[in-house]
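The block underneath contains the structure these notes are about, expressed in structure tokens.
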Amino acid sequence: MISICVVLFNTEPELVAACVESVAASRLPSGEAVEMVIVDNGSRTEPVLPVTTVPLTLVRLPTNLGFAKAMNRAVAAAAGDLVLCLNPDAALSPTALATLAETLRAQSTRSLLVAFLLNDGGVQVDALTLWMFSSGRLWRRSRSRRELERSRAGGTAFPVRKVSGGALFGRRDDLVELGPFNEQFFLYGEDADLSLRAVGAGFSLLAVPAAPVDHVGGSSASSFGSLVERARQDAALRLVSLHHSHPVALLARAEAVAVAVAGLAQSAGRSSSASRSARLARLSEIRRWGVRRSVPPFVP
């Protein structure tokens, strides 16, 4: 059985409906038994779920615990031997489940897969690429996009440095062994951390271009901008702190300050305060970290 694990947080009903419908459509070509485990992460109102032929379990949490904690609960409740962690604003292609299952079972080593996340037909570079520094992302993102598109054209699964939590596929036992997600991360960064830990444990990370997934992305960012920006900054600093030396972590914080201050200067005089509030939210989180090796997990 394949368990599709989804975490909701005030997600638009039409996106949830498209996600569930895509799972129902992808189940048929796979020939697999499929269930959905949906964890609602303290949304304001009870989520509206579409009528579907897929067995569906809804777990409602009283408050927003963050993506990592909520997804870990979904994986723990899953009955399948295979698990797909899927964002609610993502829609599977009709053959995605069959392709992912076949690809994973064909691997000779323990592996985690990621479906090929697309936005408007183009690859989502950040879903498949691991960045530790903003400067690296700035200078290498275009080249990484070209490399991913070339690999996509080959059609076969290929190694990547990161498997996005938005469409992550693996054996349930492997995911449980790995955690799967580090609950120190509230939002963002937990999939990069999992990827690094998995590689350290001997896993292969593979992207599967023959299993495309349309992903809207950022569906909550406009309504929860400050929360998202603080969580994003905390995740970036926490990831470096966990996987690099303290001097490297301090260097990452200095770079984060420079990027945020530069953004404030660019937003000066603009009519919209969105960019300015985002930069201030990031600076607030950097200040919380200071020069310490670690700080308590981010809580909104």
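The values are calculated or read from the model by the stated rules, or taken from the named source; none is laboratory data. Note that the structure is a prediction, hence the values are computed from the model and not measured. Don't worry about glycine lacking a Cβ; one is built from the backbone with ideal geometry, like all the others, and counts go over all protein chains shown. To get the accessible areas, we keep the full protein, side chains included, count just its heavy atoms, and leave off ligands, DNA and RNA. Shrake-Rupley method; radii C 1.70, N 1.55, O 1.52, S 1.80 Å.
Things worth noting here:
- Looking across segment 100-135 at every residue that is over 21 Å from Ala90 (Cβ atoms) and hydroxyl-bearing (Ser, Thr, Tyr), the one that is most open to solvent (accessible area, probe 1.4 Å) is identified as Ser108.
- Condition met for Glu183 (at pLDDT 95 or above and of a type in the set (Asp, Glu)): yes
- Cβ pairs under 7 Å, 6+ apart, first in segment 230-255 and under 22 Å from Ala278 (Cα atoms) and touching a residue at least 60 places away in the same chain (Cβ under 8 Å), second surrounded by fewer than 16 Cβ atoms within 10 Å (Cβ to Cβ) and among the hydrophobic types (A, V, I, L, M, F, W, C): Val240/Val248
- Qualifying position, being among the small types (Gly, Ala, Ser), open to solvent by less than 30 Å² (accessible area, probe 1.4 Å) and modelled with pLDDT of 85 or more, among Ala262, Ala252: Ala252
- The set of residues in segment 181-197 being part of a loop (DSSP other than H, G, I, E, B) and under 11 Å from the mean Cα position of the chain (by Cα) consists of Phe181, Leu187, Tyr188, Gly189.
- Neighbours by Cβ (under 7 Å, 6+ apart or cross-chain): first from segment 136-148, in contact (Cβ under 8 Å) with a residue 40 or more places away in the chain; second outside any helix (DSSP H, G or I): Leu148/Val123
- Single unsatisfied condition, Val39 versus (1) surrounded by fewer than 22 Cβ atoms within 10 Å (Cβ to Cβ); (2) under 25 Å from Phe298 (Cα atoms): (1)
- Qualifying residue in segment 216-225 (condition: in contact with a Gly (Cβ under 9 Å, 6 or more places away or on another chain) and of a type outside the set (A, V, I, L, M)): yes
- Checking each residue in segment 136-170 for being more than 15 Å from the chain's Cα centre (by Cα), surrounded by 13 or more Cβ atoms within 10 Å (Cβ to Cβ) and among the small types (Gly, Ala, Ser) picks out Gly136, Ser144, Ser151, Ala157.
- Wholly enclosed strands (runs of 3 or more DSSP E) of segment 10-117 bearing at least 3 residues of a type in the set (Val, Ile, Thr): 34-41
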